[in-house]
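Novice: Could you have a look at this structure, given as structure tokens, before my questions?
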């Protein structure tokens, strides 16, 4: 018989409280937070002598909102799913571990069916435009059943009818291709063009005007392929089959963005599809602490991509244009910044792209000033940046987002020393 130690029982059923566990994780200063990989949650107890208590998941996510049914995620077996109820936090498995996914509003501009295409191949069924650089009839474009390969790739829970787009150019001597029509693809703007493609003898993907070509090596399995570029003329997603090649395509996507979404935005309708923003407003106890101080806030995770300038990615954001901390507007790859104050406080530059490889960022404030650390790189000044509620993880009140996978958030009512902050501001391990 296996005896399970009492301390290992899932929160909130551990009767001794989270203090010992938090201390063992270097978080003894935190009175509210969540280990999102382990799904452990804690909030202030309100009891004298006890800093924190275990909280339930619904209690911690009481101010979380997410609409729609197009929020895709990967389960622990790598299977792509879209079965979340509205308002449910979107956990996904990345790199073999569970993480909380948070993303801003994203629109898939493709107006063909993204999954579950239907026969016969005809414009009324949302068929893409098929073209060939050889005599008509040499290449064949069809809707074909590829259910076994879809299941092997973990796509069968989304692509439930087993059908895909097929370019059969096995008898051709030149190129054949399909262009997937898109809604309002603008010129002079960066877009992501992508699809899941199975190319047993190779193929390619690019913009319809010839931009951003990615040549595919032979592969009998589906893989997600994308090309990202800014273009001077509006383009469509193009998938090509060269002479002798057969290419299978599903889940086409075109996004007006600098990087692809975590997972495709799906839809089997003949129109663009929008996935609304996921809003995780922090528990009210955390908001009150950030608004008044002193406090320390720590976040660990990995961003999918980063944006600088006026729309710099937020890790913790405030209402309106307030940003508590996140990506530096002037260096969105290697620095962190606090925006509220007399000037942007930035950490020293790093050379390892911490935002997209794995970050730990901490901010500590009191009446004498503030300190911030990104993966151990520290910056501080004497400014007290007051940011009134609301406060969010992964966005701000205007919709600027920090699209990514979040592992941990911890907040406490003290300002850590600079050395303590640097030790805490490391990626999740």
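Novice: Please go through region 273-299 and give me each residue that is in contact with a helix residue (DSSP H, G or I) (Cβ under 9 Å, 6 or more places away or on another chain) and within 12 Å of residue 393 (Cα to Cα), ordered by number.
Specialist: Going through region 273-299, the residues in contact with a helix residue (DSSP H, G or I) (Cβ under 9 Å, 6 or more places away or on another chain) turn out to be 281-283, 295-298.
Those that are in contact with a helix residue (DSSP H, G or I) (Cβ under 9 Å, 6 or more places away or on another chain) and within 12 Å of residue 393 (Cα to Cα): 281, 282, 283, 297, 298.
Novice: Out of all the residues in region 379-392, is one or more closer than 24 Å to residue 19 by Cα and not in a helix (DSSP H, G or I)?
Specialist: Of region 379-392, the ones closer than 24 Å to residue 19 by Cα are none.
The answer is no; no qualifying residue exists.
Novice: Considering only residues that are outside any strand (DSSP E or B) and surrounded by fewer than 20 Cβ atoms within 10 Å (Cβ to Cβ), which ones fall in region 278-303? Don't jump to the end; show me each part of the working.
Specialist: Going residue by residue through region 278-303, those that are outside any strand (DSSP E or B) are 278, 282-294.
Answer for region 278-303, where residues must be outside any strand (DSSP E or B) and surrounded by fewer than 20 Cβ atoms within 10 Å (Cβ to Cβ): 284, 285, 288, 291, 292, 293, 294.
Novice: Let me ask you something else. Residues that are under 25 Å from residue 36 (Cα atoms) and surrounded by fewer than 17 Cβ atoms within 10 Å (Cβ to Cβ): does region 341-350 have at least one?
Specialist: Filtering region 341-350 for residues under 25 Å from residue 36 (Cα atoms) gives none.
Scanning region 341-350, I find no residue that is under 25 Å from residue 36 (Cα atoms) and surrounded by fewer than 17 Cβ atoms within 10 Å (Cβ to Cβ), so the answer is no.
Novice: Which condition breaks for residue 34 when tested against (1) at pLDDT 95 or above; (2) over 17 Å from the mean Cα position of the chain (by Cα); (3) outside any strand (DSSP E or B)?
Specialist: Against the list (1) at pLDDT 95 or above; (2) over 17 Å from the mean Cα position of the chain (by Cα); (3) outside any strand (DSSP E or B), residue 34 comes up short only on (3).
Novice: Further question on the same structure: Show the residue pairs that are 6+ apart or on different chains and have beta-carbon atoms under 7 Å apart, the first residue being within region 192-217 and assigned by TED's automatic domain parsing to the domain that holds residue 266, the second being crowded, with 24+ Cβ neighbours inside 10 Å and in a loop (DSSP other than H, G, I, E, B).
Specialist: Between residues of region 192-217 that are assigned by TED's automatic domain parsing to the domain that holds residue 266 and residues that are crowded, with 24+ Cβ neighbours inside 10 Å and in a loop (DSSP other than H, G, I, E, B), the close pairs are 196/155.
Novice: Whether any residue in region 119-126 is modelled with pLDDT of 95 or more, under 21 Å from residue 253 (Cα atoms) and in contact with a strand residue (DSSP E or B) (Cβ under 8 Å, 6 or more places away or on another chain) is what I want to check. Even if it seems obvious, please write down each step before you answer.
Specialist: Here is the first cut: in region 119-126, the residues modelled with pLDDT of 95 or more are none.
Within region 119-126, none of the residues are modelled with pLDDT of 95 or more, under 21 Å from residue 253 (Cα atoms) and in contact with a strand residue (DSSP E or B) (Cβ under 8 Å, 6 or more places away or on another chain).
Novice: So, one more: Might you let me know whether region 62-75 holds any residue that is free of Cβ contacts under 8 Å to residues at least 60 places away in the same chain, within 26 Å of residue 400 (Cβ to Cβ) and surrounded by fewer than 16 Cβ atoms within 10 Å (Cβ to Cβ)? Walk me through how you get there before you give the answer.
Specialist: Within region 62-75, the subset free of Cβ contacts under 8 Å to residues at least 60 places away in the same chain is 69, 75.
Add one more test, that the residue is within 26 Å of residue 400 (Cβ to Cβ), and what stays is 69.
Now restrict to residues that are surrounded by fewer than 16 Cβ atoms within 10 Å (Cβ to Cβ): 69.
Yes, because at least one residue in region 62-75 is free of Cβ contacts under 8 Å to residues at least 60 places away in the same chain, within 26 Å of residue 400 (Cβ to Cβ) and surrounded by fewer than 16 Cβ atoms within 10 Å (Cβ to Cβ).
Novice: Is it the case that region 37-48 has a residue that's at pLDDT below 95 and surrounded by 15 or more Cβ atoms within 10 Å (Cβ to Cβ)? Before you say what the answer is, go through the steps one by one.
Specialist: Pass one, region 37-48, residues at pLDDT below 95: 44-48.
If we keep only those that are surrounded by 15 or more Cβ atoms within 10 Å (Cβ to Cβ) too, we end up with 44-45.
Within region 37-48 (the criterion being at pLDDT below 95 and surrounded by 15 or more Cβ atoms within 10 Å (Cβ to Cβ)), the answer is yes, since at least one residue qualifies.
Novice: Take region 93-108 and flag every residue that is in contact (Cβ under 8 Å) with a residue 40 or more places away in the chain, in a loop (DSSP other than H, G, I, E, B) and surrounded by fewer than 22 Cβ atoms within 10 Å (Cβ to Cβ).
Specialist: If the condition is that a residue be in contact (Cβ under 8 Å) with a residue 40 or more places away in the chain, in a loop (DSSP other than H, G, I, E, B) and surrounded by fewer than 22 Cβ atoms within 10 Å (Cβ to Cβ), then 105 is the only one that fits.
Novice: Here's a follow-up. Hey, among 246, 225, which residue is modelled with pLDDT of 95 or more, within 22 Å of the chain's Cα centre (by Cα) and surrounded by 17 or more Cβ atoms within 10 Å (Cβ to Cβ)?
Specialist: Values: 246 fails: within 22 Å of the chain's Cα centre (by Cα).
Of the residues listed, the single one that is modelled with pLDDT of 95 or more, within 22 Å of the chain's Cα centre (by Cα) and surrounded by 17 or more Cβ atoms within 10 Å (Cβ to Cβ) is 225.
Novice: Could you run through region 109-134 and say how many residues are crowded, with 16+ Cβ neighbours inside 10 Å and under 31 Å from the mean Cα position of the chain (by Cα)? Before the answer, list the steps.
Specialist: If we filter region 109-134 for residues that are crowded, with 16+ Cβ neighbours inside 10 Å, which is where we start, we get 109-117, 121, 126-128, 130, 132.
Adding the requirement that they be under 31 Å from the mean Cα position of the chain (by Cα) leaves 109-117, 126-128.
Residues that pass the stated criteria total 12.
The values are calculated or read from the model by the stated rules, or taken from the named source; none is laboratory data. What you see is a predicted model; the values in this text were computed from it and never measured. When we count neighbours, we look across all protein chains shown, and the Cβ atoms used for this are built from the backbone with ideal geometry, even at glycine.
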